[in-house]
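Take a look at the structure set out below.
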Amino acid sequence: MLDQTIDLDRTFQALADQSRRTMVERLTLGPASVSELAAPLAMSLAAVLQHVQVLESCGLVKTQKVGRTRTCRIERAAMSAAEQWITDRRRGWEARLDRLGDVLNEVAATEERP
Amino acid sequence: MTQRSVAHDTFVIERSYDAPVTQVFGAWADPTLKARWFVGSAEALGAGYDLDFRVGGREAFRGGSPGGTVHTYESRFHDIVPEQRIVYTYEMYADEARISVSVATVEFQSVGAVTRLVLTEQGVFLDGHDTAAQREEGTRTFLESLAASLSGDAS
């Protein structure tokens, strides 16, 4: 699993829209129907559905239709765990390599002292 | 139950230091110097941190807040070309759970008085279950480095 590459371009494109961000924020709280997502937004259900399709196409959201209700959920839990790991690992290294620079400066300062 | 999963990734970080390559490489080879920047304290040497810098040699670090998750790092050096490169593999554990296995390559390049360092890490992240501990570790490292930069004292 998780062999697909993270399509950051499409993800950021999808998140560049305020309405879609509002929808994603709502979905981080738990699954919701399209009409629930539409509730705080001043737009038609059809427009909301289009936004949902954008979020779905970049893999941020997964939807499932049961009867007449389409339920949306965030579909990135496993992926964001991996992303989180990479981010943390990288950040850890950034901090360490900063400290390496500080140590090198201190060593140089000590050697310059008479 | 542990949900099994794997995720692979690679990242590259480049840095330039105003120091000759002998010094930059030396900071990776000398246990006291390396403890100062790798762990953040020279006192960690022999007290949680150990470094045996030679091909086949090992490096280890155990740490964590009292009563919290114990983070263990264990590495082995596979290739050392003085002042040119270091290749090592390492495992990370959160308590007993193996959370990742990585290959790290550090390349050193002398450019006049400046040393360019390129660190490449290729890793496999296992089971993805311990992101909370990872996040805590990442945040801690970040806050420590922030505190150090604000106080102007990173030793």
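Every residue, every condition in (1) modelled with pLDDT under 90; (2) under 22 Å from B:Ser110 (Cβ atoms); (3) not basic (Lys, Arg), yes or no:
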position	(1), (2), (3)
B:Arg15	yes, yes, no
B:Gly26	no, yes, yes
B:Pro31	no, no, yes
B:Gly46	no, no, yes
B:Thr72	no, no, yes
B:Ile86	no, yes, yes
B:Tyr90	no, no, yes
B:Asp95	yes, no, yes
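Among the residues that make up region B:16-39, is at least one of them in contact with a helix residue (DSSP H, G or I) (Cβ under 8 Å, 6 or more places away or on another chain) and farther than 20 Å from A:Leu100 by Cα?
No, every residue in region B:16-39 fails to be in contact with a helix residue (DSSP H, G or I) (Cβ under 8 Å, 6 or more places away or on another chain) and farther than 20 Å from A:Leu100 by Cα.
Is it the case that some residue within region B:51-58 is closer than 26 Å to A:Thr87 by Cβ and either of a type in the set (Ser, Thr, Tyr) or not in a strand (DSSP E or B) (or both)?
So far as region B:51-58 goes, no, none of its residues is closer than 26 Å to A:Thr87 by Cβ and either of a type in the set (Ser, Thr, Tyr) or not in a strand (DSSP E or B) (or both).
Are there any pairs, at least 6 apart or on different chains, whose C-beta atoms fall under 7 Å, with the first in region A:93-105 and part of a helix (DSSP H, G or I) and at pLDDT 90 or above and the second surrounded by fewer than 21 Cβ atoms within 10 Å (Cβ to Cβ) and charged (D, E, K, R), and if so, which?
A:Leu97/B:Arg15
Every residue, every condition in (1) polar (S, T, N, Q); (2) within 11 Å of another protein chain (Cβ to nearest Cβ), yes or no:
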position: B:Lys34; (1), (2): no, yes
position: B:Ala60; (1), (2): no, no
position: B:Ser75; (1), (2): yes, no
position: B:Met92; (1), (2): no, yes
position: B:Ala104; (1), (2): no, yes
position: B:Gly112; (1), (2): no, no
position: B:Thr120; (1), (2): yes, yes
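Among the residues of region B:14-60, what is the count of those that are closer than 15 Å to A:Val107 by Cα and hydrophobic (A, V, I, L, M, F, W, C)?
The number of residues fulfilling the criteria is 11.
The values are calculated or read from the model by the stated rules, or taken from the named source; none is laboratory data. For clarity, every value in this text was computed on a predicted model and none was experimentally measured. Positions of Cβ are generated from backbone atoms using ideal geometry, with glycine treated the same way; all protein chains shown enter the neighbour counts.
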